[in-house]
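Chemist: Handing you this structure, nothing more for now.
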Amino acid sequence: MAANKFKILVVDDDPAICQMLSLGLTNEGYEVKTADNGETALQIIPEFEPHVIILDIMMPVMDGYELCEAVPAISGASIIMLTAKDAPKDIVKGLRLGANDYLVKPFHFEELLARIEVQLRNRFPDLTGKRTIGRFTIDEMKKTISLDGKVLHLSPTEYKLLSYLLWNANQTLSKDKILIHIWGYDFEGEDNIIEVYIRYLREKLGDSEHKLIKTIRGLGYRLQTEETNT
Amino acid sequence: MVGQLLVRFWVCHIIFFTIIGAIQYQSLKESLYLSVEQNLYSDYQSIKNNMSEWFLNSKVPPERLAELRPGNFVAFYYPNSRLSFIIHSYGRPIEAIPDCLHEPLPFDLYDKAISNEPFLVGNTKENRYMLLVKPIIASNYVPYETPDDPFSNFMRRNITVYFPIVGYAVIGEPLYHADSILEGNFYSYVFNALIILLISTVLTAFALQKPLEPLIAISSTARKIAGGRYDLRLPEMKTSSEIMQLREALNHMLGQMEHALNTEREAKDRMARFIADASHELRTPLTSIRGFLEILLRNKNLDQNTLDSAHQTMLIETERLIRLAEGLLALNRISEEEPGEEGANLQTSLQDVLPEIVPLFTTLLGKRSLLLNGQNLKDIDKLDLSHPTLGCSRPLPLKADELKQILYNLIHNAIQHTETNGVIEIITAEDKTGYSFTVKDNGKGIPAEDLPYIFDRFFRGDRSRSHAKSQSCGLGLAIVSELVKLRGGRITVQSAPGAGASFIVSFPIKTV
């Protein structure tokens, strides 16, 4: 079962709440890590790759709003804000900044569980960690992607890149976005690293005609799952 | 404002013009009529010698008409008011002769002749005349007497007539000319008056605009202020001293109002922040306690270690809630306490409370040392606190409970912010102006940006750290500050990062 766990990151400066959520969520079968401020959370996210982030607003060093803005660039995780601030303007602010859901303290633990499941179901409808997108199937738990039922042999970076393209299928992703998402803010390598990896992916997908991964000149790349004439 | 002034201005001017006009009209009329009157007299003079001849012959030689002024006429009457004949001068239409002359005259010729004054007849503009009645006396007249002859009637109304009156001459001049001059003059006067009124209205409006500008500026500013711009003030203006005084008075009032508003707003903001903070502080422990309980109910087969740890955390959180409630109650008690007369009579010295306070910290202190003016308080039971070298016998204007709370909170705060080898010192001082004691630690100090907020409720310098280790509820220093202020004292803090912190509580000498 250990490999088949959804991951949740709890970010709260109150150790009692971290302890409580960690105990409760672990017992529900999730893999849980905690961080007591936004900066620690930003360090944990790229390696932990959580599916859901539970976020307090009032924290020292980096507050929940700042973290909320920073997460989408580096992770596809859903954000549930969990805070004592219950004024509508705070809720609106949190949701506008990119939170997927909002829960006011004190809350019912079961309600939190249900809301976490909603977020997970948005990406994995049957909660098995598998999701079919076009001809592809992502298995989030086994970290594999298959094309037309055949498992592709991908390196971890290739897997990350392809799944990022898949989750944003039919959208054009700029090179900057891809670079930050896959290699992080502080990557200092060559720009053409993306082109290199896209070439690897096309080879493995047998996409010599660029029908699956399209190059959008001057903008970036797009993974095509719908049949179009372009 | 300008409109109202203009209306008053109009009313005044219309009254003024009417009076002037009436006077002018009257004097013009009088002078015109006087010249007509003089004409009539001169006509009379020129024909008077011939009148009786004409009258007795009942005819006038045509050349004599030249002696009359053009347009004038003479009508001859017998004493019984019977018209004999009318002569008129050339150059005027004959229809200008008034109708009334053709009938027996409605006035008494004799009276008019005696009064020797011209009078007006006629009622329409075209048919108005000035008449002068003169008796015709025949110098060569020989009276003959017949009983019914009216000419023999020499005596009338007690007036003796020595010469027989053979008839009366009515000399008239039409007033058409004089009246048209008057009328023309009236209309041109009205016209001119209206023109003047119009011009002066425009000029006055301009002239009024200037001195009224400050008032207009004041009202437009007042409207803006009413709209919520409480920071606005009436502008500096070059104007009369009355308006300047008004401006100053209004600005002063606005300043006071803004100050009051700001004070109220600040109090409101502080209260709102306090309530938000308090609810956050209440919700956080409640959240974890409820969460733990729900989780424990969902998972029946947790191992003993996990259960213990959960129970331990719930207990800590419950204690946090209790401390929070106590802190809030303490603050509430302070805000209800009246400083009043009582403050001056309260007397508690450090030596009264230290023996009770110090033992409470034995465990918390650990390896840290607590000093009083250099003397370690570890074995406080063996110390003679009243000894003058310890300097803690000076009474302070506080209740024993209050001093205990102040000391407890300050020492507790110092312990939390020092490492295990920390040194906490209580230092007393006294000079001419007052008495003070300082709680000093050698901890990590307070960042400069936090200093202004250190006494705010629920303020915590480094929240994550204090949460993890401390038992603080964020109200300790706020309670100390409120207590000291309540009893007329002052609390200040001196600190720099890395150089520890000193909390100085001082009371001025008069309250000691």
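The values are calculated or read from the model by the stated rules, or taken from the named source; none is laboratory data. Keep in mind it's a predicted model, so treat the numbers as computed, not measured. Note that we place each Cβ from the backbone using ideal geometry, even for glycine, and neighbour counts take in every protein chain shown.
Chemist: Considering only region A:111-120, I want to know if a residue exists there that is surrounded by 15 or more Cβ atoms within 10 Å (Cβ to Cβ), assigned to a loop (DSSP other than H, G, I, E, B) and either modelled with pLDDT under 85 or more than 12 Å from chain B (Cβ to nearest Cβ) (or both).
Modeler: no
Residue by residue, here is whether (1) without any contact (Cβ under 8 Å) to a residue 40 or more places away in the chain; (2) over 27 Å from A:Ala16 (Cβ atoms) holds:
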position: B:Thr287; (1), (2): yes, no
position: B:Thr313; (1), (2): yes, no
position: B:Arg320; (1), (2): no, no
position: B:Ile334; (1), (2): no, yes
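Chemist: Looking at (1) modelled with pLDDT of 85 or more; (2) farther than 30 Å from A:Thr83 by Cα; (3) among the basic types (Lys, Arg); (4) buried (at least 17 other Cβ atoms within 10 Å of the Cβ), find the lone condition where A:Arg199 falls short.
Modeler: (4)
Chemist: Moving to a separate point now. Would you confirm, using the coordinates I've provided, whether A:Gly64 is closer than 30 Å to B:Ile289 by Cβ, among the small types (Gly, Ala, Ser), surrounded by 16 or more Cβ atoms within 10 Å (Cβ to Cβ) and within 14 Å of chain B (Cβ to nearest Cβ)?
Modeler: yes
Chemist: Can you name the residue in region A:16-31 that is over 20 Å from A:Ala84 (Cβ atoms) and of a type in the set (S, T, N, Q) and is also nearest to the other protein chains (Cβ to nearest Cβ) among such residues?
Modeler: Step by step, filter region A:16-31, then rank; the result is A:Asn27.
Chemist: Residues in region B:190-212: is at least one in contact (Cβ under 8 Å) with a residue 24 or more places away in the chain and more than 37 Å from the chain's Cα centre (by Cα)?
Modeler: Taking every residue of region B:190-212 in turn, at least one turns out to be in contact (Cβ under 8 Å) with a residue 24 or more places away in the chain and more than 37 Å from the chain's Cα centre (by Cα).
Results for (1) at pLDDT below 80; (2) of a type in the set (A, V, I, L, M), shown as yes or no for each residue.
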residue: B:Val2; (1), (2): yes, yes
residue: B:Gln26; (1), (2): no, no
residue: B:Ser35; (1), (2): no, no
residue: B:Ser42; (1), (2): no, no
residue: B:Trp54; (1), (2): yes, no
residue: B:Glu63; (1), (2): yes, no
residue: B:Pro70; (1), (2): yes, no
residue: B:Tyr77; (1), (2): no, no
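Chemist: Do we have any residue at all in region A:71-83 that's farther than 20 Å from A:Gly129 by Cβ, within 14 Å of chain B (Cβ to nearest Cβ) and at pLDDT below 90?
Modeler: yes
Chemist: Filter region A:132-142 for residues that are surrounded by fewer than 18 Cβ atoms within 10 Å (Cβ to Cβ) and either within 22 Å of A:Ile80 (Cα to Cα) or of a type in the set (D, E, K, R) (or both); which is farthest from the chain's Cα centre (by Cα)?
Modeler: A:Arg135
Chemist: So in region A:91-110, with the set limited to residues that are part of a helix (DSSP H, G or I) and facing chain B (nearest Cβ under 10 Å), which one is surrounded by the fewest Cβ atoms within 10 Å (Cβ to Cβ)?
Modeler: Top of the filtered list is A:Glu110.
Chemist: A further question on this structure: Test of understanding: among A:Pro72, A:Pro60, A:Pro46, A:Pro50, which residue is within 13 Å of the chain's Cα centre (by Cα), not in a helix (DSSP H, G or I) and not small (Gly, Ala, Ser)?
Modeler: Step by step, each of A:Pro72, A:Pro60, A:Pro46, A:Pro50 is checked, and only A:Pro50 is within 13 Å of the chain's Cα centre (by Cα), not in a helix (DSSP H, G or I) and not small (Gly, Ala, Ser).
Chemist: How many residues does region B:286-297 hold that are facing chain A (nearest Cβ under 7 Å) and not β-branched (Val, Ile, Thr)?
Modeler: The first filter runs over region B:286-297 and keeps only residues facing chain A (nearest Cβ under 7 Å), leaving B:286-288, B:290-292, B:294-295.
After this cut, where a residue has to be not β-branched (Val, Ile, Thr) as well, the list is B:286, B:288, B:290-292, B:294.
So the count comes out to 6.
Chemist: Among the listed residues B:Ser46, B:Ser31, which satisfies the condition of being modelled with pLDDT under 90 and part of a helix (DSSP H, G or I)?
Modeler: Just one listed residue meets the conditions, B:Ser46.
Chemist: Taking region A:84-102 only, how many residues are basic (Lys, Arg), over 19 Å from B:Asp277 (Cα atoms) and touching a strand residue (DSSP E or B) at 6+ places or on another chain (Cβ under 8 Å)?
Modeler: Number of matching residues: 0.
Chemist: Hey, another quick one. On the basis of being touching a helix residue (DSSP H, G or I) at 6+ places or on another chain (Cβ under 6 Å) and either within 14 Å of chain B (Cβ to nearest Cβ) or surrounded by fewer than 24 Cβ atoms within 10 Å (Cβ to Cβ) (or both), does A:Ile57 make the cut?
Modeler: yes
Chemist: May I pose another question? Within region B:298-308, take every residue that is assigned to a helix (DSSP H, G or I) and either touching a residue at least 40 places away in the same chain (Cβ under 8 Å) or loosely packed, with under 15 Cβ neighbours inside 10 Å (or both) and give me the one that is farthest from the other protein chains (Cβ to nearest Cβ). Explain how you work it out, then say what you get.
Modeler: Step one: filter region B:298-308 for residues assigned to a helix (DSSP H, G or I), giving B:298, B:304-308.
From the residues that got through so far, the ones that are either touching a residue at least 40 places away in the same chain (Cβ under 8 Å) or loosely packed, with under 15 Cβ neighbours inside 10 Å (or both) too are B:298, B:304-305, B:307-308.
Working: B:Arg298: 7, B:Gln304: 14, B:Asn305: 11, B:Leu307: 10, B:Asp308: 12 Å.
Ranking the qualifying residues of region B:298-308, first place goes to B:Gln304.
Chemist: How many residues does region A:195-209 contain that are of a type outside the set (Asp, Glu) and touching a strand residue (DSSP E or B) at 6+ places or on another chain (Cβ under 8 Å)?
Modeler: The qualifying residues number 4.
Chemist: Another question, then. Could you pull out the residue among B:Gly167, B:Gly122, B:Gly172, B:Gly184 that is closer than 30 Å to B:Ile20 by Cα, modelled with pLDDT of 80 or more and not hydrophobic (A, V, I, L, M, F, W, C)?
Modeler: Exactly one of B:Gly167, B:Gly122, B:Gly172, B:Gly184 is closer than 30 Å to B:Ile20 by Cα, modelled with pLDDT of 80 or more and not hydrophobic (A, V, I, L, M, F, W, C), namely B:Gly184.
Chemist: What helices (runs of 4 or more DSSP H), lying completely within region B:343-419, carry at least 3 residues that are modelled with pLDDT of 85 or more, crowded, with 18+ Cβ neighbours inside 10 Å and in contact with a strand residue (DSSP E or B) (Cβ under 8 Å, 6 or more places away or on another chain)?
Modeler: Helices (runs of 4 or more DSSP H) meeting the threshold: B:400-416.
Chemist: Right, B:Glu338: at negative phi, of a type in the set (D, E, K, R), modelled with pLDDT under 85 and surrounded by fewer than 12 Cβ atoms within 10 Å (Cβ to Cβ) or not?
Modeler: Judged against the criteria, B:Glu338 is a match.
Chemist: When you check B:Asp277 against the structure, is it over 44 Å from the mean Cα position of the chain (by Cα), within 14 Å of chain A (Cβ to nearest Cβ) and not polar (S, T, N, Q), yes or no? Lay out the reasoning, then the answer.
Modeler: Details: over 44 Å from the mean Cα position of the chain (by Cα): no; within 14 Å of chain A (Cβ to nearest Cβ): yes; not polar (S, T, N, Q): yes.
It is false that B:Asp277 is over 44 Å from the mean Cα position of the chain (by Cα), within 14 Å of chain A (Cβ to nearest Cβ) and not polar (S, T, N, Q).
Chemist: Ok, one more. Quick check on region A:8-15. Is at least one of its residues in contact with a Ser or Thr (Cβ under 9 Å, 6 or more places away or on another chain), at pLDDT below 90, within 14 Å of chain B (Cβ to nearest Cβ) and not in a loop (DSSP other than H, G, I, E, B)?
Modeler: Yes, region A:8-15 has at least one match.
Chemist: Right, another one. Give me a count of the residues in region B:266-299 that are farther than 18 Å from A:Thr26 by Cα and of a type in the set (A, V, I, L, M, F, W, C).
Modeler: Residues flagged as farther than 18 Å from A:Thr26 by Cα and of a type in the set (A, V, I, L, M, F, W, C) within region B:266-299 amount to 9.
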